[in-house]
Amino acid sequence: MSQTTLTLAPKDYKSEVKPTWCPGCGDFGVLNAIYNSLSVLKLPPDETVVVSGIGCSSRLPHFVQTFGFHSLHGRALPVAQGMKMARPDLTVLAVGGDGDMFSIGAGHLIHAALRNIDITVVVMDNETYGLTKGQTSPTSPTGHVTKSTPYGLLASQFNPIATALSLNVSFVARGFSSRPKELAALIEQGIQHKGFSFIHVLSPCPTFYNTMDTWKTTVTPMPVEHDTRNRFKAMELSMETAKPFVGLFYRDERTTMDEAAHKMTQQSSAFDINKYMARYK
Amino acid sequence: MENEVTIRIGGESGEGTISGGDILALAAARWGYHVYTFRTFPAEILGGPCMFQLRISDKPVKSMGDYADVLICLNREAFDRNVGELRHGGVLIYDPSDFTPDSGDFITYPIPFNDIARKEVQLFQTKNMVMMGAISGLFGPPLEAITQVVESKLSKSRKSNPTLMEKNMLALDISKKYVTEQLTKRDAYQLGAVEKADRVVLNGNQAVIAGALMAHCDFFAGYPITPASDIMEGLAKELPQIGGTFMQAEDEIAAMTAVLGASFGGARSMTATSGPGFALMSEAIGYASMAELPAVIIDAQRAGPSTGMPTKMEQSDLSFALYTGHGDTPRIVVAPADVADCYTLMVDAFNMAERYQLPVIFLTDQSLTARVESVDRSVFKPLESIRRTFVLAQNGSNGMVSNGNGHAAGVVEEEHAFARYAYTASGISPTSAPGHGGSSYVSTGLEHDIHGHPDYEPADHTAMMKKRYQKLETAANELPQPQRYGDEDATIGLIGWGSTEGTIQEGVDRARAKGYKVAALHPRVLSPLPDRSMRDFINSVQTVIVPECNYSGQLANLLGAKYGLQAIRVNKYGGIPFTAGDILQAIEEAN
């Protein structure tokens, strides 16, 4: 399709800042998927905000020609939720890595799930800490040897999808950075889903923990017969960690907190201090 | 005779001590008097000693009073804890069935509160009304003023429990009758009728809520913490009425970062917390400074360190408020002096945040959050609020063109990013917010260039640091200077901050009445300090006293660092505020 000035093509969402990632980083695939999904939805750049925390993947907002908020380590979710509560008219995406979302900011995930504020979170999981050069992450496998775990990781491996499902997140999906078309479609659905959308993306780090070859062989398409309304079945599929399923696990539309909060303001009127102070005598 | 009395009630939390005191304060104010309350709470929900002190005067009341003229004790422990604060020759009221007081230099009125409530009214809960009736009979506040307040307080439960009102009224009547018939008045405290005035009676937190609403606060996120929770609860109720939104966060980190997100969205945003929560907000406050996002953060100080004494007063977060956050992070710090200030300075705080695009920290404290004052209604007038102006995308600004509906609908060939952090003489850059065709940019905590793009070049970092701090210079020039109080030719000067202003002024008044030449200065804005006024004041006196309710002398340290001032430090750090007597003593000792 030929591009006109009135068409928001994927490249129109590219900012003038060039990505800082290593060659071969999975996050390039995720970034392209984001450009594509924004373009498919024709989201106005001035009404779209990409929020992140800190980490390699959290640099992403700088590379997108929309509004962006590169926040603090672990805090993409509360920033995004505050923004959406105050400005429900905006499309808000939160992006980040496994360190951001499952370690320092893991606590926020629980409450984002409970509130079901209409934001979409894209987690680029490389099972390692890239920006700080390869320490262990919550999604690293037990026994994983890194500079911070020289005798092997003693902790268990975090299961993002099972956790999201247990929290009854209203949209739970997994993608793979090397399958950008499928990923773009999931992000697109996530943005369109009314409520908190959680998209877990396997996005390998070629520099500190290259899982590319493993994932290329283990990643498995979601069984066609899977009913995305069945949370029990979704939970069962999420337990298959040796062959991670990609696709939509679960979806459930319900009231969002931003919508409910703004319903409450429908009868609002301009503040009148004299009227307000009548309660004090 | 002086139309003034200070009444203290000591009892157990949960037995109506505080609610009875509040009713009395309202009644006295409606009767035309000025009131000022001080109270202490135990940290426990039920039980534990609590105290309520009410100063009533026909003249404006500036402090809680040095001593109680009248002490009502509801148990032995209350007597032991409070009798030291009873004025010599004052009045002790108690129920002989509760305890027998030791003898002392005071007049005693034994009154059978328990028997009256239990046997005559037949509802023990009315014990605090029995107390109020006795106060009315002994010291003058008319019963009608009290019954009016009780009626409005109970109006909601009137239908569900019609006898409750009846019993309360009965308690007031019987008790008043008892004291007038059975007791011989031997004290001199008698309040007479005064002219009525249109005053509102409210506490510091209630005034803060009114201020936040007047400032058109669009968004509040917070996490419950004593003594700031009232602010959160009040705004949870009121914000939807004016179109704002509220979010109870999972912790203070989430609260503060949610405020940042909302502020980025263009909303006037705030949070309220106390020391422990404020500590958790540090990193995000630093972000607001770096990314130049407006935010109002209330720190209702309580006694620290650590969990400290959640229900006790201290002014010990000044240093923390001034320096919280890593790196050099400009912010504005303000501290209200009284209930009226809680309203006006709150509006100012929002305006400062919006104008200078930075975090504004509002330092109130436990005593002021709960302090009830009668304030002229005219103080709570409409106040103007400033809002950031948002730059819209234009051809060649952020590369987007509008389709006329406020929607960016295309891309032009030549791309020039919006200069969100452009250098200006004031340091204040043009800003923007998403939607309505706003010029897009990426907010970041990384050092950045004028477009907000990450940039670590020495020249850029140097220029950006200067730009951010330039805003404080601009603010220092634009913000009002504090007014000197007291003698022009003073030899002794007092510099204070926060909730102690009235007490310091009353101390100054008393010293001046004794012939001392004294003046006081009480800046509302503590960062940036109004240098000119501070220097002029310091240079105008021979000795400077800095009274603060903290251990280390945090303002004195600041004045020492900034102006080389060697002040006399007067520090009180037991968890209760200064009295005017403390201030007078400091002045006398300094002379």
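The values are calculated or read from the model by the stated rules, or taken from the named source; none is laboratory data. Since the model is a prediction, treat every value here as computed from it, not as a measurement. Neighbour counts run over all protein chains shown; Cβ positions are idealised from the backbone, glycine included.
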Identify the single condition in (1) within 22 Å of residue B:373 (Cβ to Cβ); (2) not in a strand (DSSP E or B) that residue B:78 does not satisfy, given that it satisfies every other one.
(1)
Can you tell me which of (1) more than 10 Å from chain B (Cβ to nearest Cβ); (2) touching a strand residue (DSSP E or B) at 6+ places or on another chain (Cβ under 9 Å) is the one residue A:23 doesn't meet?
(2)
Going through segment A:29-65 one residue at a time, which ones are more than 9 Å from chain B (Cβ to nearest Cβ), of a type in the set (A, V, I, L, M, F, W, C) and under 15 Å from the mean Cα position of the chain (by Cα)?
A:30, A:31, A:33, A:34, A:38, A:56, A:60
What do you reckon, is residue A:190 at positive phi, buried (at least 17 other Cβ atoms within 10 Å of the Cβ) and either touching a residue at least 12 places away in the same chain (Cβ under 8 Å) or out of contact with any helix residue (DSSP H, G or I) (no Cβ under 9 Å at 6 or more places or on another chain) (or both)?
no
Out of the strands (runs of 3 or more DSSP E) lying entirely within segment B:197-280, which hold 2 or more residues that are in contact with a helix residue (DSSP H, G or I) (Cβ under 8 Å, 6 or more places away or on another chain) and facing chain A (nearest Cβ under 7 Å)?
B:199-203, B:219-222, B:245-248
Checking residue A:103 against (1) free of Cβ contacts under 8 Å to residues at least 60 places away in the same chain; (2) polar (S, T, N, Q); (3) within 21 Å of residue A:197 (Cα to Cα); (4) buried (at least 24 other Cβ atoms within 10 Å of the Cβ), which single condition isn't satisfied?
(4)
Going by the structure shown, is residue A:207 closer than 25 Å to residue A:147 by Cα and assigned to a loop (DSSP other than H, G, I, E, B)?
yes
It is to be established whether one or more residues within segment A:32-50 are within 15 Å of residue A:187 (Cα to Cα) and assigned to a loop (DSSP other than H, G, I, E, B).
yes
Looking only at segment A:224-281, filter to residues that are touching a residue at least 60 places away in the same chain (Cβ under 8 Å) and within 14 Å of chain B (Cβ to nearest Cβ); which one of those is surrounded by the most Cβ atoms within 10 Å (Cβ to Cβ)?
A:258
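Would you confirm whether any residue within segment B:240-257 is over 23 Å from residue A:279 (Cβ atoms), within 19 Å of the chain's Cα centre (by Cα) and of a type outside the set (Lys, Arg)? Let's see the steps before the verdict.
The first filter runs over segment B:240-257 and keeps only residues over 23 Å from residue A:279 (Cβ atoms), leaving B:247-257.
Keeping just the survivors that are within 19 Å of the chain's Cα centre (by Cα) gives none.
Looking through segment B:240-257, none of the residues is over 23 Å from residue A:279 (Cβ atoms), within 19 Å of the chain's Cα centre (by Cα) and of a type outside the set (Lys, Arg).
Residues that are part of a loop (DSSP other than H, G, I, E, B), on the phi < 0 side of the Ramachandran plot and within 14 Å of chain A (Cβ to nearest Cβ): does segment B:460-480 have at least one?
Within segment B:460-480, the subset part of a loop (DSSP other than H, G, I, E, B) is B:479-480.
From what's left, on the phi < 0 side of the Ramachandran plot: B:479-480.
Next cut, within 14 Å of chain A (Cβ to nearest Cβ) only: none.
So far as segment B:460-480 goes, no, none of its residues is part of a loop (DSSP other than H, G, I, E, B), on the phi < 0 side of the Ramachandran plot and within 14 Å of chain A (Cβ to nearest Cβ).
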Scan segment A:237-281 for residues that are assigned to a helix (DSSP H, G or I) and of a type in the set (A, V, I, L, M, F, W, C) and report the count.
8
Within segment B:327-411, considering only strands (runs of 3 or more DSSP E) that don't extend past its boundaries, which have at least 3 residues that are closer than 21 Å to residue B:451 by Cα, more than 10 Å from chain A (Cβ to nearest Cβ) and modelled with pLDDT of 85 or more?
none
May I ask you to verify whether residue B:266 is at positive phi and in contact (Cβ under 8 Å) with a residue 60 or more places away in the chain?
yes
Given (1) assigned to a loop (DSSP other than H, G, I, E, B); (2) basic (Lys, Arg); (3) crowded, with 19+ Cβ neighbours inside 10 Å, index of the condition residue B:127 fails:
(1)
Residues being free of Cβ contacts under 8 Å to residues at least 12 places away in the same chain and more than 16 Å from residue A:94 (Cβ to Cβ) - total across segment B:236-262
3
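Quick one: count up the residues across segment A:67-109 that are facing chain B (nearest Cβ under 7 Å) and in contact with a Ser or Thr (Cβ under 8 Å, 6 or more places away or on another chain). Please lay out each step first, then the result.
Narrowing segment A:67-109 to residues facing chain B (nearest Cβ under 7 Å): A:67-72, A:75, A:78-83, A:85-87, A:89-90, A:107-108.
So of that shortlist, the ones also in contact with a Ser or Thr (Cβ under 8 Å, 6 or more places away or on another chain) come out as A:67-72, A:75, A:78-79, A:82, A:85-86, A:90.
Total satisfying the criteria: 13.
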I'd like the residue in segment B:433-449 that is assigned to a loop (DSSP other than H, G, I, E, B) and over 19 Å from residue A:63 (Cβ atoms) and, out of all such residues, is nearest to the chain's Cα centre (by Cα).
B:433
Within segment B:150-197, which residues are of a type in the set (Gly, Ala, Ser) and either over 22 Å from residue B:2 (Cβ atoms) or over 37 Å from the mean Cα position of the chain (by Cα) (or both)?
B:152, B:155, B:157, B:160, B:171, B:175
Does residue A:112 satisfy being in contact with a helix residue (DSSP H, G or I) (Cβ under 9 Å, 6 or more places away or on another chain), within 14 Å of another protein chain (Cβ to nearest Cβ), in contact (Cβ under 8 Å) with a residue 60 or more places away in the chain and more than 25 Å from residue A:25 (Cβ to Cβ)?
yes
Of the residues B:565, B:559, only one is outside any helix (DSSP H, G or I) and touching a residue at least 12 places away in the same chain (Cβ under 8 Å); which?
B:565
Pairs where the first residue, in segment B:430-458, is more than 8 Å from chain A (Cβ to nearest Cβ) and aromatic (Phe, Trp, Tyr) and the second is part of a loop (DSSP other than H, G, I, E, B) and surrounded by fewer than 18 Cβ atoms within 10 Å (Cβ to Cβ), C-beta under 7 Å, 6+ apart
B:456/B:447
Considering segment A:136-160 alone, what residues qualify as being out of contact with any His (no Cβ under 6 Å at 6 or more places or on another chain) and buried (at least 17 other Cβ atoms within 10 Å of the Cβ)?
A:137, A:138, A:139, A:140, A:144, A:146, A:158, A:159
Residue pairs within 7 Å by beta carbon, gap of at least six or interchain, first lying in segment B:11-39 and touching a residue at least 12 places away in the same chain (Cβ under 8 Å) and within 14 Å of chain A (Cβ to nearest Cβ), second hydroxyl-bearing (Ser, Thr, Tyr) and assigned to a strand (DSSP E or B), listed first then second, are B:25/B:37; B:29/B:374; B:33/B:57; B:35/B:374
Restricted to segment B:281-293 and to residues being hydroxyl-bearing (Ser, Thr, Tyr) and more than 9 Å from every other protein chain (Cβ to nearest Cβ), the residue surrounded by the most Cβ atoms within 10 Å (Cβ to Cβ) is B:289
Identity of the residue in segment A:111-140, over 14 Å from the mean Cα position of the chain (by Cα) and part of a strand (DSSP E or B), that ends up farthest from residue A:174 (Cα to Cα)
A:135
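What is the residue count in segment B:529-556 for residues that are assigned to a helix (DSSP H, G or I) and without any contact (Cβ under 8 Å) to a residue 24 or more places away in the chain?
Summing the residues that are assigned to a helix (DSSP H, G or I) and without any contact (Cβ under 8 Å) to a residue 24 or more places away in the chain in segment B:529-556 gives 3.
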